[in-house]
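The values are calculated or read from the model by the stated rules, or taken from the named source; none is laboratory data. Predicted, not measured: the structure shown is a model, and the values here were computed from it. Every residue, glycine among them, receives a Cβ derived from its backbone with ideal geometry; neighbour counts consider all protein chains shown. With ligands, DNA and RNA removed, areas are computed over all heavy atoms of the protein, side chains included. Shrake-Rupley method; radii C 1.70, N 1.55, O 1.52, S 1.80 Å.
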Amino acid sequence: MTALLTKRIRTVSEKPWIWAFLGAFLVWLATILFTGGTGAGEILSAALAFATFSVIVGIGQMYVITLGPGNVDLSIPATMTFAGAVSMKIMDSQDVMILPGLVIALICGLLVGIFNYGLIRALRIPPIIATLSSSFLVQSCAIAYGRGIKIKPPELLADFTTTKIAGFPILAFCVVLLAVVMSVVLHRTVFGRSVHAIGQNARAAELAGVKVDIIRLATYVQSAVLAGLCGYLLSGFSGGASLNMGAEYLLASIAVVVIGGTSVAGGFANLPGIWGAALFMFLLVTMLNTFGLSAGIRLLLTGVIIVGVITLAGGRRE
Amino acid sequence: MFESQERLITMDGVCKTFGAVQALGSIDLEILTGQVLGIVGHNGAGKSTLISILAGTQRPSQGNLKFETAASVLPGYGVNQAQANGIRCVFQELSLCPNLTVAENARILHPAIKGVGWKARARALISNKLQEIFPGHGIDPDALVGDLSIAKRQMVEIARAFTKVDSPIRLVILDEPTSSLDAVIARQLLEHVRNFVDQGGACILISHLLEEILQTSHRVVVMRDGGIVEDREASAFTRTNLVEAMGSVAKEQDGTQRTSDIRQSGEQVLVSLQPKGQSDGHRLLAYRGEIVGLAGLGGHGQTDALLDVYRNKGCTGPALREESVPMALVPGDRQVDGVFPLWSIAMNIVIGSMRQLTRGGLIDPKAEAQLAADWKRKIAIRTPDVNNNILSLSGGNQQKALFARALASNAEIILMDDPMRGVDIGTKQEVYEMIREEVGLGRTFVWYTTEMDELAHCDHIYVFRNGTIVADLAGAEVTEQKVLHASFEDQSKSHSSAKAPAS
């Protein structure tokens, strides 16, 4: 019976995420065929390093999107910038402050998450508007706090975020572990099941005994805390915080969720796909750059290929 | 009755399989004009599949449909052909669009209503039909369907099926049309159906309420395991042999009224609710180990009262203040309030008991599978595998899964919102039995029902009207007359509210 159940879960979840990995593999293959095999390992190593950050915020975004139609967290970029700027200032390039800095970054995320859900619940503002407007407030705080921007990260943190063992970034390894843990949380805990239930039918979830408000609050807080963590790590990785460091993660956080095979309509999520999709996104850009195409063509192809993968991944899931 | 009964549709060896599951096996059936054809059978006997084939929403795997008005129409028979041949269908899972108004939903069925002023015409069409079938219905044609109660949605769905613009109406199929309607409205509908066939129409009526079938139909077909086992004049059947033909032993309602001295024995009060708008201070009380019934006409505040209890609003009973008693709710409107459509049957059951199945923070898959398997057996959910999607079940079996969800949980109070919609008589008897067992084990039930028979199982009954309690009857003094009297009359002798608005 158990074997049957796990087999079933596997067959259901296998289909959507396989496409993201397949896409990533094909794009990588096309790139190294073009270069004649040179740089195959380096490209992969770089992809892992950069994809790591999309995965961290993608996980948070995935939980939020799974809450059902209309749920999305648009404050991720601002939260990253804010957490990055504040933690860099607090740490002031000193190695001993690494842990306090991390805690501060996470607290920044916690506060933003609570604020977001406060707007959504207490003021009944739709999540898109609520998180978008709160992102302006948070971004303004980051700018006001902007003196933290030029500060370099502690050396130890910079090392941790950039060190590779045999080409494999340590940070990517940690985030693979994080993904495994969050995947177990998604499928095997009361919290994960509740998120799925709310995404399918919030009213039925409430009547089945799910604490809808607490779960939604926890989901938005989790997304913001992961954004805070990402801002902290990215600041370490790229030699300090900057005011537009989060910009590209607005679209990336949503794209990796959708390409990864999670249902945009909510109620159905899968985590492995986020890794596949994040690798795919990076490798796609690398491939188009390698081909030496003009900027216009690159953007055009990026759009077309993303639509193609989403269609493939989405079409298989019924 | 219409004199010349002519053949309208002939089904010839129609089969339907879903993968390995055979839903229908070789059906031969004639549908005649001027006749109400009753179809009865257990949940999953194939009734709904049969009518989906007639309505063109599903293709038969084998066999032919012949229309007298046209040549053999298979293959290629679909919804459009069914419409063109004058077939109208009221599905058990209501098919209205919740985000549109009543009038807009009426327009969907009639592409002929177009051009300037279509809305006014659609509004008039549906209002007139509602007025004709359900006088005094109180439904605004501009109301959003999603805002209507399930009973009103059902009324709109029914009235819409009977509206006529340009295409003919020859056959109206009613799948459990009265499952959410109270007795008075149901009677109005059945009267209308008789009129319709007297004027030469044909009607198929599917219902688990055998009295309704026997009183309304001219001919009755009994289905079992995807086949037809009886096809005779309605007069040839009695309640007892109908139940036998369906394949379950006829258990007469055992009228053993539970001697309810619970209220005198000083048991704990678990629920104490004052409905909004109740001005005389009267409260809904439920003592531990009691079955409390909520009666009255449909949509008079019973569901709201249950939800208020569930959400702990307005409950100021001493017991509820001190400790919060775990509660579970069995929804009646399963699409809106119950089912998680992306999940398996097992996950739909287990969600009510997740916390009890958690070991070290994780839900134990073994315990989970065990619980689902146990309840599949206990409540006889008809499925080869509980890991199949919940929507693979027939409506009645989905309802069983929702019962299993509530009963499997650790809830001490179980609230039931007219939960027997679409459940067959054999299952009902089993569930009644189960409820009695659970009461013996100390559980408490608060049960809203639109079926008079079910009130016999209750220890205490509150009759609702216009959102307030108008009568409070101990089990022994419940009769249909008393309940109906209280539902309509302001001056019921027990606890009438002097300020209740006249209806």
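Name the residue, out of A:211, A:152, that is charged (D, E, K, R) and out of contact with any Ser or Thr (no Cβ under 7 Å at 6 or more places or on another chain). Spell out how you get there, then give the answer.
Details: A:152 fails: out of contact with any Ser or Thr (no Cβ under 7 Å at 6 or more places or on another chain).
Result: A:211 is the single residue among A:211, A:152 that is charged (D, E, K, R) and out of contact with any Ser or Thr (no Cβ under 7 Å at 6 or more places or on another chain).
Quick check on my filter: what residues within the stretch B:141-192 are free of Cβ contacts under 8 Å to residues at least 40 places away in the same chain, of a type in the set (D, E, K, R) and outside any helix (DSSP H, G or I)?
B:164
Looking at B:381, B:390, which is the one that is over 17 Å from residue B:436 (Cβ atoms) and away from chain A (no Cβ under 12 Å)? Don't jump to the end; show me each part of the working.
Working: B:390 fails: away from chain A (no Cβ under 12 Å).
None of the other options fit; the residue is B:381.
Are any residues in the stretch B:193-211 open to solvent by 20 Å² or more (accessible area, probe 1.4 Å) and part of a helix (DSSP H, G or I), and if so, which ones?
Selection gives B:194, B:195, B:196, B:198, B:211.
Can you give me the number of residues within the stretch A:191-206 that are buried (at least 19 other Cβ atoms within 10 Å of the Cβ), facing another protein chain (nearest Cβ under 7 Å) and in contact with a helix residue (DSSP H, G or I) (Cβ under 9 Å, 6 or more places away or on another chain)?
4
Can you spot a residue in the stretch A:196-205 that is charged (D, E, K, R) and touching a residue at least 12 places away in the same chain (Cβ under 8 Å)? Can you show your working first?
Within the stretch A:196-205, the first condition is being charged (D, E, K, R), and the residues that meet it are A:203.
Subsequent filtering for residues that are touching a residue at least 12 places away in the same chain (Cβ under 8 Å) retains none.
Within the stretch A:196-205 (the criterion being charged (D, E, K, R) and touching a residue at least 12 places away in the same chain (Cβ under 8 Å)), the answer is no, since none of the residues qualifies.
Among the residues of the stretch B:45-68, how many are in contact with a helix residue (DSSP H, G or I) (Cβ under 6 Å, 6 or more places away or on another chain), crowded, with 20+ Cβ neighbours inside 10 Å and under 28 Å from residue B:189 (Cα atoms)?
2
Would you pick out the residues in the stretch B:9-54 that are closer than 21 Å to residue B:212 by Cβ and in a helix (DSSP H, G or I)? Quick ask: steps written out before the conclusion?
In the first step, residues of the stretch B:9-54 are kept if they are closer than 21 Å to residue B:212 by Cβ; the result is B:29, B:31-32, B:34-48, B:50-51, B:54.
Scanning the stretch B:9-54 gives B:47, B:48, B:50, B:51, B:54.
Do we find that residue B:127 is under 29 Å from residue B:69 (Cα atoms) and out of contact with any Leu (no Cβ under 6 Å at 6 or more places or on another chain) in this structure? Talk me through it step by step, then tell me what you get.
Details: under 29 Å from residue B:69 (Cα atoms): no; out of contact with any Leu (no Cβ under 6 Å at 6 or more places or on another chain): yes.
The answer is no for residue B:127.
Within the stretch B:353-361, is there a residue that is facing chain A (nearest Cβ under 7 Å), out of contact with any Phe, Trp or Tyr (no Cβ under 7 Å at 6 or more places or on another chain), open to solvent by less than 20 Å² (accessible area, probe 1.4 Å) and not β-branched (Val, Ile, Thr)? Please lay out each step first, then the result.
Restricting attention to the stretch B:353-361, the residues satisfying the condition of being facing chain A (nearest Cβ under 7 Å) are B:354-355, B:358, B:361.
With out of contact with any Phe, Trp or Tyr (no Cβ under 7 Å at 6 or more places or on another chain) added as a condition, the list becomes B:354-355, B:358, B:361.
Right, trim to open to solvent by less than 20 Å² (accessible area, probe 1.4 Å) and you get B:354.
This time we only want the ones that are not β-branched (Val, Ile, Thr), so: B:354.
Taking every residue of the stretch B:353-361 in turn, at least one turns out to be facing chain A (nearest Cβ under 7 Å), out of contact with any Phe, Trp or Tyr (no Cβ under 7 Å at 6 or more places or on another chain), open to solvent by less than 20 Å² (accessible area, probe 1.4 Å) and not β-branched (Val, Ile, Thr).
Considering only the stretch A:213-225, I want to know if a residue exists there that is at pLDDT below 90, open to solvent by 30 Å² or more (accessible area, probe 1.4 Å), over 26 Å from residue B:343 (Cβ atoms) and away from every other protein chain (no Cβ under 14 Å).
No, the stretch A:213-225 contains no residue that is at pLDDT below 90, open to solvent by 30 Å² or more (accessible area, probe 1.4 Å), over 26 Å from residue B:343 (Cβ atoms) and away from every other protein chain (no Cβ under 14 Å).
Taking into account only those residues within the stretch B:70-109 that are closer than 20 Å to residue B:147 by Cβ and modelled with pLDDT under 80, which is most open to solvent (accessible area, probe 1.4 Å)?
Per the stated criteria, the residue is B:93.
Could you run through the stretch A:116-134 and say how many residues are assigned to a helix (DSSP H, G or I) and on the phi > 0 side of the Ramachandran plot? Before the answer, list the steps.
In the first step, residues of the stretch A:116-134 are kept if they are assigned to a helix (DSSP H, G or I); the result is A:116-122, A:127-134.
Now restrict to residues that are on the phi > 0 side of the Ramachandran plot: none.
Number of matching residues: 0.
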